[in-house]
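Here, each number is a calculation from the coordinates, and none is a lab measurement. Values in this document were obtained by computation on a predicted structure and should not be read as measured data. Quick reminder, even Gly has a Cβ in these numbers, built from the backbone with ideal geometry, and neighbours come from all protein chains shown.
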Amino acid sequence: MAGAGAGARFPRRQLCGEGAQITIRPMAGPTANFTHHFLIAMPAMADPNFAHTLTFVCEHNKDGALGIVVNKPTDMMLATLFEQIDVPLANADVGKTPVHFGGPVQIDRGFVLHRPLGNWQSTLAIGDNIGLTTSKDVLEAVARGEGPTSVLVSLGYAGWSAGQLEQEIAQNAWLTVEADADVLFETPVEARLPAAMRLLGIDFSRLSDAVGHA
């Protein structure tokens, strides 16, 4: 998987900047499509960035895939992030929410998973109700208490080149299951991976390295 691992501390953020420094463009022509699926890391996962992780696939087609790890909170809180990107925070409770490690690619960039989709400057629609936004306007709205109902803020993302994700799934690196937005946004972080396993009817504690993908 591309990119370096996340360190304990990050440089000053260059994320969600004015004018959307990162523009997510949907890629055309899907083959085997795992968009809006969870990837459940198998016990044999050797990459420390993805061991024991649950990843939400935001886009997948013949050109590759992009996902966000959704169960690895960092020690950074939103209050610190908002301070670093010069966004005033009106609601102190919002500031106590942890920022997630979204993956090892571009770990100095912010990616905001949210529902409902809304109307933001730079958003990739994932189905009808979930978006992945990289523009600062969504964070400004969250800070004002006017943002999307459900939000998960991450630094970095997971990326796969053309055919790489399909190969990893065929090699039993991942289990796959259609994503449930309630697992993503309503379930406590530590319970998300077991909850995704239950969508497959599998007890996570009994998962063996030999299990294939669903």
Quick calc: nm separation of the 7 Å Cα→Cβ label points for ALA92 and GLN171 -> 5.0 nm
Looking only at lysines whose Cα falls under 27 Å of LYS136's and that sit 8 or more positions away or on another chain, we get LYS72, LYS96
Taking a ≥ b ≥ c as the square roots of the Cα gyration tensor eigenvalues, with a/c under 1.5 meaning rounded and otherwise prolate when a/b beats b/c or oblate if not, segment 151-206 comes out oblate
Kirkwood Rh over alpha-carbon pairs of segment 57-214 plugged into Stokes-Einstein at 25 °C, 0.890 mPa s gives a D in µm²/s of 148 µm²/s
Convex hull around the C-alpha positions of segment 104-189: the volume in Å³ per residue is 125 Å³
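By average Cβ neighbour count within 10 Å, what is the ranking of 178-191, 46-59 from highest down? Before the final figure, lay out each step's value.
Numbers: 178-191: 15.2, 46-59: 19.6.
The peptides rank, most packed first, as 46-59, 178-191.
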Most packed first (mean Cβ within 10 Å per residue), the peptides 86-97, 60-71 order as 60-71, 86-97
The correct pair for segment 34-142, radius of gyration to one decimal and Dmax as a whole number, both in Å and from Cα atoms, is 14.7, 44
